[in-house]
Amino acid sequence: MNKQEAIRFISHMYNDIIVNFDFVKIPDYFHNDYVQVTDGNKINMEEFKNHLTTLKVTVDQITVSPFTIPSMTKSFRL
């Protein structure tokens, strides 16, 4: 994978998973054994999905940087 392909892959992942909350596509980007550590807190795939579900119902807008492209901004009405 070259640099442009990597940027495209990451951009699509952010757009699909973080911005559009398309959870069906999670296996396209993350292994089932995925683990995330943030500020010393470790979460597994199920906890990651729960976190995304919580974000989906609570956020108004997500903008991702540095991979932001015009189609990656989405507003949610509560």
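The values are calculated or read from the model by the stated rules, or taken from the named source; none is laboratory data. Worth saying up front: this structure is predicted, and the values here are computed from it rather than measured. Note that each Cβ is placed from the backbone with ideal geometry, even for glycine, and that neighbours are counted across all protein chains shown. The accessibility values were calculated without ligands, DNA or RNA, using every heavy atom of the protein model including side chains. Shrake-Rupley method; radii C 1.70, N 1.55, O 1.52, S 1.80 Å.
Looking across the stretch 31-78, the residues that are among the small types (Gly, Ala, Ser) and either at pLDDT below 85 or touching a Pro at 6+ places or on another chain (Cβ under 9 Å) (or both) come down to 65, 71, 75. Residues that are part of a loop (DSSP other than H, G, I, E, B), within 21 Å of residue 62 (Cα to Cα) and in contact with a helix residue (DSSP H, G or I) (Cβ under 6 Å, 6 or more places away or on another chain) occur in the stretch 22-33; there is at least one.
Quick check: is even one residue across the stretch 29-36 in contact (Cβ under 8 Å) with a residue 24 or more places away in the chain and within 15 Å of the chain's Cα centre (by Cα)? Break it down stepwise before answering.
First, the residues of the stretch 29-36 that are in contact (Cβ under 8 Å) with a residue 24 or more places away in the chain: none.
No; the residues of the stretch 29-36 include none that is in contact (Cβ under 8 Å) with a residue 24 or more places away in the chain and within 15 Å of the chain's Cα centre (by Cα).
If you go through the stretch 1-21 and pick out every residue that is in a helix (DSSP H, G or I), polar (S, T, N, Q) and open to solvent by 50 Å² or more (accessible area, probe 1.4 Å), you end up with 1. Scan the stretch 31-44 for residues that are touching a strand residue (DSSP E or B) at 6+ places or on another chain (Cβ under 8 Å) and open to solvent by less than 90 Å² (accessible area, probe 1.4 Å) and the total you get is 5.
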